[in-house]
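This report concerns only the one structure given below.
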Amino acid sequence: MTNHWNDFKNSDCILIMGSNPASNHPGSFRWITAAMEAGGKLICVDPRFTQSAAKAHIYAPLRSGTDIAFLGGMIKYILDNKLIHEEYVKNYTNASYLVNHAFRMPGDNRGVFSGLAGGKYDKTTWSYQTDPDSLIKKDLSLKDPFCAFQLLKKHYSRYTLA
């Protein structure tokens, strides 16, 4: 969490995952309630049906240890259905940054990211492309195959919602 709790009231959708603020952080949950009263939706992802889950619009129970697969499916759904806030993604994230041409994804490289040697990763291939002034190169169209956004899309393309 990077914002203060009282900023929750401005949310149109809140995802609670693996925690129970209704019981454990009632001070923060009042701001979640304020968001819900203003029309915001609450999604609770947790193996346990908690007090927070009872208040949620959507309760998504999952098996312990499957959160990363669940998040991958969410990312895939968001990308497939063009549910990103494009202006924000382009201007306030690294999505437009161009990644080193030597970088390889697991599907391209024996099932692992580039740089694996001797059980450890050498991350030099993971760097961003830079111009002569050492500024990171960007593709604000998000179409270059080496922009972080396209690499994200490629990585999560193998995920399904089933």
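Can you name the helices of the chain, as whole DSSP H runs, whose Cα span along the helix axis is 15 Å or more and whose Kyte-Doolittle mean is not below 0.5?
Numbers: long enough: 26-37 (16 Å, 0.03); 67-80 (19 Å, 1.04).
Helix filter hits for the chain: 67-80.
With Cβ to Cβ distances under 15 Å as the rule, what net charge do the other residues near Asn24 carry (K, R +1; D, E -1)? Don't skip to the end; give the middle numbers.
Details: positive: Arg30, Arg48, Lys55; negative: Asp46.
Residues near Asn24 contribute +2 overall.
May I ask you to work out the translational diffusion coefficient for region 1-80 at 10 °C, viscosity 1.306 mPa s, via Stokes-Einstein with Rh from the Kirkwood sum over Cα pairs, reported in whole µm²/s? Write down the numbers at each step before the final one.
Values: Rh = 13.1 Å.
Stokes-Einstein gives a translational diffusion coefficient of 122 µm²/s.
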Query raised in the report: Fully extended, how many nm does the chain gain between Ser134 and Trp5 (0.36 nm per residue separation, minus their Cα-Cα distance)?
Result: 42.7 nm
Requested in this report: Using the charge dipole of the chain (Lys, Arg: +1 at Cβ; Asp, Glu: -1 at Cβ; taken about the Cα centre), state which of Trp126, Thr93, Cys44 has its Cα farthest towards the positive end.
Outcome: Cys44
Query raised in the report: Relative to a virtual label point 7 Å from the Cα of Ser23 in the Cα→beta-carbon direction, which members of region 38-64 show backbone nitrogen distances below 13 Å?
Result: 46-55
Report summary line: Rounded to the nearest Å, the spacing of the alpha-carbon centers of region 87-145 and region 1-62 is 34 Å
Query raised in the report: What ranking, highest mean first, results for peptides 155-161, 15-21, 30-36, 78-84 when packing means the other Cβ atoms within 10 Å averaged over each residue?
Result: 30-36, 15-21, 155-161, 78-84
Requested in this report: Just tell me which lysines come within less than 26 Å, Cα to Cα, of Lys154; anything on the same chain fewer than 8 places away is out.
Outcome: Lys76, Lys82, Lys90, Lys120, Lys123, Lys137, Lys138, Lys143
Query - Unit charges on C-beta of K, R, D, E only; dipole of region 1-111, Debye - result: 240 debye
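Using only C-alpha atoms and all pairs of different ones, pull out the Kirkwood radius for the chain in Å with one decimal.
One decimal place: 18.4 Å for the Kirkwood radius.
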Query raised in the report: What dipole magnitude, in Debye to the nearest 20, does region 85-162 give about its Cα centre under +1 on Lys/Arg Cβ and -1 on Asp/Glu Cβ?
Result: 360 debye
Requested in this report: Would you mind working out the magnitude of the charge dipole of region 5-60 relative to its Cα centre, with +1 at each Lys and Arg C-beta and -1 at each Asp and Glu C-beta, to the nearest 20 Debye?
Outcome: 120 debye
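Laboratory data are not the source of any read-out in this text; all were calculated from the coordinates shown. Note that the structure is predicted; figures quoted are calculated from it, not measured. Virtual Cβ from ideal backbone geometry, glycine too; neighbours counted across all protein chains shown.
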